[in-house]
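The values are calculated or read from the model by the stated rules, or taken from the named source; none is laboratory data. Computed from a predicted model, the values in this text were never measured in an experiment. A quick note on method: Cβ atoms are made from the backbone with ideal geometry, for glycine too, and the neighbour counts reach across all protein chains shown.
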Amino acid sequence: MREDPASRIDDGSDEKALYLFAFGVGSRLRELPATLAEQVEIHHIGDIAALVGSTSIRDYCGADAANRLTDLAWLTPRLRRHAEVIDAAMRLSPVFPTPFGTLYSSASSLARFVDAHHRTILEFLRATFEHEEWELRAEARFDTPQALDQLACEAWPEWRTLPKGARYLRLCRDRAALLDFGRVSLHTHVEELLTELGPSAADVRRRDIEHRADSGHAEFISRYALLVPKPKSAEARARIAAFAERRSDSHLTIDIVGPAPPFSFRPNLDSIQ
(Lines give C-alpha, C1' and ligand atoms only; values in the text may rest on other atoms or scores of the structure.)
Protein backbone atom coordinates (compact mmCIF):
# COMPACT_ATOMS: atom_id res chain seq x y z
CA MET A 1 0.00 0.00 0.00
CA ARG A 2 2.96 2.30 0.50
CA GLU A 3 3.84 4.67 -2.30
CA ASP A 4 7.55 5.36 -2.44
CA PRO A 5 8.29 8.77 -3.93
CA ALA A 6 12.00 8.63 -3.02
CA SER A 7 13.09 7.79 -6.54
CA ARG A 8 12.08 11.23 -7.84
CA ILE A 9 13.23 13.34 -4.88
CA ASP A 10 16.65 14.56 -3.82
CA ASP A 11 17.76 13.48 -0.35
CA GLY A 12 17.75 17.09 0.77
CA SER A 13 14.19 17.77 -0.36
CA ASP A 14 11.63 18.87 2.19
CA GLU A 15 8.70 18.04 -0.07
CA LYS A 16 5.52 17.13 1.79
CA ALA A 17 3.50 13.94 1.46
CA LEU A 18 0.22 12.62 2.83
CA TYR A 19 0.71 10.21 5.70
CA LEU A 20 -2.13 7.68 5.78
CA PHE A 21 -3.22 6.31 9.17
CA ALA A 22 -6.34 4.33 8.28
CA PHE A 23 -9.53 4.10 6.27
CA GLY A 24 -12.96 4.27 7.86
CA VAL A 25 -16.62 4.54 6.95
CA GLY A 26 -17.28 8.04 5.69
CA SER A 27 -20.70 8.40 7.31
CA ARG A 28 -19.22 7.61 10.73
CA LEU A 29 -16.04 9.66 10.46
CA ARG A 30 -17.29 13.21 10.10
CA GLU A 31 -14.98 14.71 12.70
CA LEU A 32 -12.24 13.64 15.07
CA PRO A 33 -11.65 14.54 18.72
CA ALA A 34 -10.13 18.00 19.19
CA THR A 35 -6.86 16.46 20.36
CA LEU A 36 -6.38 14.97 16.88
CA ALA A 37 -8.14 17.43 14.63
CA GLU A 38 -5.22 19.88 14.52
CA GLN A 39 -2.85 17.35 12.95
CA VAL A 40 -5.14 14.86 11.22
CA GLU A 41 -7.55 15.48 8.36
CA ILE A 42 -10.36 13.37 6.98
CA HIS A 43 -10.42 13.00 3.21
CA HIS A 44 -13.75 11.65 1.98
CA ILE A 45 -13.36 9.52 -1.14
CA GLY A 46 -16.83 8.32 -2.01
CA ASP A 47 -18.19 6.51 1.06
CA ILE A 48 -14.69 5.82 2.42
CA ALA A 49 -12.90 8.21 4.77
CA ALA A 50 -9.11 8.39 4.77
CA LEU A 51 -7.38 9.68 7.90
CA VAL A 52 -4.26 11.54 6.82
CA GLY A 53 -1.63 13.90 8.10
CA SER A 54 1.14 15.87 6.46
CA THR A 55 4.77 14.81 6.75
CA SER A 56 8.14 15.47 5.18
CA ILE A 57 9.13 12.87 2.63
CA ARG A 58 12.70 13.32 3.82
CA ASP A 59 11.75 11.69 7.15
CA TYR A 60 10.89 8.37 5.49
CA CYS A 61 12.87 8.34 2.26
CA GLY A 62 16.43 9.01 1.25
CA ALA A 63 19.90 8.25 2.54
CA ASP A 64 19.20 8.86 6.24
CA ALA A 65 15.80 7.18 6.43
CA ALA A 66 17.07 3.71 7.35
CA ASN A 67 19.01 5.09 10.32
CA ARG A 68 16.10 7.24 11.40
CA LEU A 69 13.74 4.26 11.44
CA THR A 70 16.00 2.46 13.92
CA ASP A 71 16.34 5.49 16.21
CA LEU A 72 13.94 4.85 19.10
CA ALA A 73 13.94 8.49 20.16
CA TRP A 74 12.64 9.45 16.70
CA LEU A 75 10.50 6.38 16.09
CA THR A 76 8.64 5.90 19.39
CA PRO A 77 6.55 9.11 19.45
CA ARG A 78 5.58 8.61 15.80
CA LEU A 79 4.52 5.02 16.39
CA ARG A 80 2.54 6.16 19.41
CA ARG A 81 0.86 8.86 17.36
CA HIS A 82 0.01 6.36 14.63
CA ALA A 83 -1.67 4.10 17.19
CA GLU A 84 -3.49 6.99 18.88
CA VAL A 85 -5.10 8.14 15.64
CA ILE A 86 -6.26 4.64 14.75
CA ASP A 87 -7.60 4.02 18.27
CA ALA A 88 -9.55 7.29 18.18
CA ALA A 89 -11.05 6.42 14.80
CA MET A 90 -11.89 2.93 16.01
CA ARG A 91 -14.25 4.44 18.64
CA LEU A 92 -16.28 6.02 15.85
CA SER A 93 -16.06 3.60 12.94
CA PRO A 94 -14.72 0.24 11.83
CA VAL A 95 -11.21 0.88 10.56
CA PHE A 96 -8.86 -0.48 7.95
CA PRO A 97 -5.53 0.27 9.68
CA THR A 98 -2.50 0.92 7.50
CA PRO A 99 1.16 0.21 8.29
CA PHE A 100 3.38 2.83 9.86
CA GLY A 101 4.98 5.03 7.21
CA THR A 102 2.35 4.69 4.47
CA LEU A 103 2.82 7.74 2.24
CA TYR A 104 1.11 9.20 -0.82
CA SER A 105 2.50 12.02 -2.90
CA SER A 106 -0.85 13.82 -3.24
CA ALA A 107 -4.56 13.64 -2.51
CA SER A 108 -5.22 12.62 -6.11
CA SER A 109 -2.74 9.75 -5.80
CA LEU A 110 -4.51 8.53 -2.67
CA ALA A 111 -7.90 8.87 -4.36
CA ARG A 112 -6.74 6.76 -7.29
CA PHE A 113 -5.60 4.06 -4.90
CA VAL A 114 -8.90 4.07 -3.02
CA ASP A 115 -10.85 3.94 -6.29
CA ALA A 116 -8.83 0.89 -7.38
CA HIS A 117 -9.48 -0.94 -4.09
CA HIS A 118 -12.81 0.56 -3.10
CA ARG A 119 -14.75 -2.69 -2.98
CA THR A 120 -12.12 -4.58 -0.95
CA ILE A 121 -11.74 -1.78 1.59
CA LEU A 122 -15.48 -1.34 2.02
CA GLU A 123 -16.12 -5.08 2.36
CA PHE A 124 -13.49 -5.27 5.09
CA LEU A 125 -15.00 -2.32 6.95
CA ARG A 126 -18.44 -3.91 6.80
CA ALA A 127 -17.12 -7.32 7.90
CA THR A 128 -15.30 -5.87 10.92
CA PHE A 129 -18.10 -3.56 12.09
CA GLU A 130 -18.49 -4.02 15.87
CA HIS A 131 -15.46 -6.35 15.96
CA GLU A 132 -12.07 -5.95 17.61
CA GLU A 133 -8.81 -7.86 17.56
CA TRP A 134 -7.40 -9.64 20.61
CA GLU A 135 -4.11 -11.50 20.83
CA LEU A 136 -4.11 -14.86 22.56
CA ARG A 137 -0.70 -15.69 24.02
CA ALA A 138 0.24 -19.08 25.44
CA GLU A 139 3.53 -19.40 27.30
CA ALA A 140 5.17 -22.21 29.25
CA ARG A 141 8.10 -22.70 31.60
CA PHE A 142 10.25 -25.78 31.20
CA ASP A 143 13.10 -24.71 33.48
CA THR A 144 11.99 -26.32 36.76
CA PRO A 145 12.67 -29.91 37.84
CA GLN A 146 8.93 -30.39 38.37
CA ALA A 147 8.11 -29.33 34.81
CA LEU A 148 10.77 -31.60 33.30
CA ASP A 149 9.67 -34.50 35.46
CA GLN A 150 6.04 -34.07 34.44
CA LEU A 151 7.01 -33.89 30.78
CA ALA A 152 9.21 -36.97 31.09
CA CYS A 153 6.36 -38.95 32.65
CA GLU A 154 4.12 -38.02 29.73
CA ALA A 155 6.72 -38.64 27.02
CA TRP A 156 8.47 -41.75 28.39
CA PRO A 157 6.23 -44.35 30.04
CA GLU A 158 9.25 -46.07 31.65
CA TRP A 159 10.51 -42.88 33.28
CA ARG A 160 9.35 -43.69 36.82
CA THR A 161 11.07 -47.07 36.77
CA LEU A 162 14.49 -45.68 35.86
CA PRO A 163 17.18 -45.11 38.53
CA LYS A 164 18.12 -41.49 39.21
CA GLY A 165 21.41 -41.84 37.33
CA ALA A 166 19.66 -43.19 34.25
CA ARG A 167 17.13 -40.35 34.40
CA TYR A 168 19.91 -37.80 34.54
CA LEU A 169 21.66 -39.30 31.51
CA ARG A 170 18.38 -39.52 29.59
CA LEU A 171 17.67 -35.84 30.25
CA CYS A 172 21.18 -34.84 29.20
CA ARG A 173 20.83 -36.79 25.96
CA ASP A 174 17.19 -36.12 25.03
CA ARG A 175 16.39 -32.78 26.69
CA ALA A 176 15.81 -30.93 23.38
CA ALA A 177 13.45 -33.66 22.15
CA LEU A 178 11.60 -33.60 25.46
CA LEU A 179 11.09 -29.84 25.25
CA ASP A 180 9.79 -30.20 21.69
CA PHE A 181 7.36 -32.83 22.95
CA GLY A 182 6.19 -30.43 25.65
CA ARG A 183 5.64 -27.61 23.18
CA VAL A 184 3.59 -29.81 20.84
CA SER A 185 1.54 -31.17 23.76
CA LEU A 186 0.75 -27.72 25.13
CA HIS A 187 0.00 -26.33 21.68
CA THR A 188 -2.62 -29.09 21.38
CA HIS A 189 -4.22 -27.75 24.57
CA VAL A 190 -4.37 -24.28 23.04
CA GLU A 191 -6.08 -25.67 19.95
CA GLU A 192 -8.68 -27.22 22.27
CA LEU A 193 -9.29 -23.75 23.69
CA LEU A 194 -9.81 -22.32 20.21
CA THR A 195 -12.42 -25.00 19.56
CA GLU A 196 -14.16 -24.13 22.83
CA LEU A 197 -14.26 -20.46 21.90
CA GLY A 198 -16.50 -21.32 18.96
CA PRO A 199 -18.66 -18.37 17.89
CA SER A 200 -17.06 -16.13 20.52
CA ALA A 201 -14.35 -15.54 17.89
CA ALA A 202 -15.50 -14.72 14.37
CA ASP A 203 -12.07 -15.48 12.91
CA VAL A 204 -8.71 -16.78 14.12
CA ARG A 205 -5.25 -16.27 12.63
CA ARG A 206 -2.15 -18.04 13.85
CA ARG A 207 0.82 -15.73 14.41
CA ASP A 208 4.45 -16.70 13.98
CA ILE A 209 6.65 -17.43 16.98
CA GLU A 210 10.29 -18.33 17.31
CA HIS A 211 11.07 -21.39 19.42
CA ARG A 212 14.37 -21.88 21.15
CA ALA A 213 15.94 -25.33 21.38
CA ASP A 214 16.25 -24.88 25.15
CA SER A 215 15.14 -22.13 27.46
CA GLY A 216 15.59 -21.07 31.03
CA HIS A 217 12.66 -18.67 30.80
CA ALA A 218 9.00 -18.64 29.85
CA GLU A 219 8.62 -18.97 26.10
CA PHE A 220 5.82 -18.65 23.61
CA ILE A 221 3.98 -21.84 22.76
CA SER A 222 1.32 -20.28 20.55
CA ARG A 223 0.15 -16.85 19.47
CA TYR A 224 -3.18 -16.26 17.79
CA ALA A 225 -5.06 -13.18 16.63
CA LEU A 226 -8.77 -13.38 17.40
CA LEU A 227 -11.40 -11.30 15.66
CA VAL A 228 -14.03 -10.97 18.37
CA PRO A 229 -17.52 -9.42 18.06
CA LYS A 230 -17.71 -6.69 20.70
CA PRO A 231 -20.90 -8.12 22.28
CA LYS A 232 -19.05 -11.43 22.81
CA SER A 233 -15.83 -9.94 24.16
CA ALA A 234 -16.64 -10.64 27.83
CA GLU A 235 -17.79 -14.16 26.97
CA ALA A 236 -14.55 -14.91 25.11
CA ARG A 237 -12.39 -13.64 27.98
CA ALA A 238 -14.40 -15.69 30.48
CA ARG A 239 -13.94 -18.86 28.43
CA ILE A 240 -10.20 -18.24 28.16
CA ALA A 241 -9.87 -17.59 31.90
CA ALA A 242 -11.80 -20.76 32.76
CA PHE A 243 -9.66 -22.83 30.40
CA ALA A 244 -6.44 -21.38 31.82
CA GLU A 245 -7.58 -22.27 35.32
CA ARG A 246 -8.26 -25.87 34.31
CA ARG A 247 -4.79 -26.14 32.77
CA SER A 248 -2.93 -24.46 35.61
CA ASP A 249 -1.13 -27.71 36.47
CA SER A 250 0.40 -28.06 32.99
CA HIS A 251 2.94 -25.19 33.30
CA LEU A 252 0.92 -23.36 30.65
CA THR A 253 0.09 -19.67 31.02
CA ILE A 254 -2.59 -18.19 28.79
CA ASP A 255 -3.13 -14.47 28.44
CA ILE A 256 -5.20 -12.26 26.18
CA VAL A 257 -4.13 -8.78 25.08
CA GLY A 258 -6.31 -6.14 23.51
CA PRO A 259 -8.51 -4.81 22.15
CA ALA A 260 -6.76 -3.52 19.04
CA PRO A 261 -7.67 -2.58 15.48
CA PRO A 262 -7.98 -5.63 13.19
CA PHE A 263 -4.45 -5.44 11.77
CA SER A 264 -4.09 -9.22 11.43
CA PHE A 265 -7.24 -9.65 9.34
CA ARG A 266 -6.96 -6.90 6.74
CA PRO A 267 -6.35 -7.95 3.12
CA ASN A 268 -3.07 -7.08 1.47
CA LEU A 269 -4.11 -4.48 -1.04
CA ASP A 270 -0.69 -4.54 -2.72
CA SER A 271 -1.43 -8.07 -3.95
CA ILE A 272 -4.82 -7.17 -5.42
CA GLN A 273 -4.71 -6.01 -9.00
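For the stretch 66-98, enumerate the residues that are hydrophobic (A, V, I, L, M, F, W, C) and either touching a residue at least 24 places away in the same chain (Cβ under 8 Å) or under 19 Å from A111 (Cα atoms) (or both).
The answer is L69, V85, I86, A88, A89, M90, L92, V95, F96.
Just one of (1) within 30 Å of H189 (Cα to Cα); (2) surrounded by 15 or more Cβ atoms within 10 Å (Cβ to Cβ) trips up P145, so point out which.
So the condition that P145 fails would be (2).
So A234 fits all but one of (1) more than 22 Å from A127 (Cα to Cα); (2) modelled with pLDDT of 85 or more; (3) of a type in the set (A, V, I, L, M, F, W, C); what number is the exception?
Only one criterion is unmet by A234, namely (1).
If you go through the stretch 141-174 one residue at a time, how many are modelled with pLDDT of 80 or more and either within 21 Å of S222 (Cβ to Cβ) or not assigned by TED's automatic domain parsing to the domain that holds H189 (or both)?
5
Condition first: under 24 Å from the mean Cα position of the chain (by Cα) and at pLDDT below 85. Can you find one or more residues in the stretch 40-56 that meet it?
Scanning the stretch 40-56, I find no residue that is under 24 Å from the mean Cα position of the chain (by Cα) and at pLDDT below 85, so the answer is no.
Is there a residue in the stretch 161-171 that is closer than 30 Å to R206 by Cα and out of contact with any strand residue (DSSP E or B) (no Cβ under 9 Å at 6 or more places or on another chain)?
no
Considering only the stretch 94-110, I want to know if a residue exists there that is surrounded by 17 or more Cβ atoms within 10 Å (Cβ to Cβ), at positive phi and within 25 Å of the chain's Cα centre (by Cα).
Yes, because at least one residue in the stretch 94-110 is surrounded by 17 or more Cβ atoms within 10 Å (Cβ to Cβ), at positive phi and within 25 Å of the chain's Cα centre (by Cα).
Out of L103, L179, report the one residue that is in contact (Cβ under 8 Å) with a residue 40 or more places away in the chain and in contact with a Phe, Trp or Tyr (Cβ under 9 Å, 6 or more places away or on another chain).
L103
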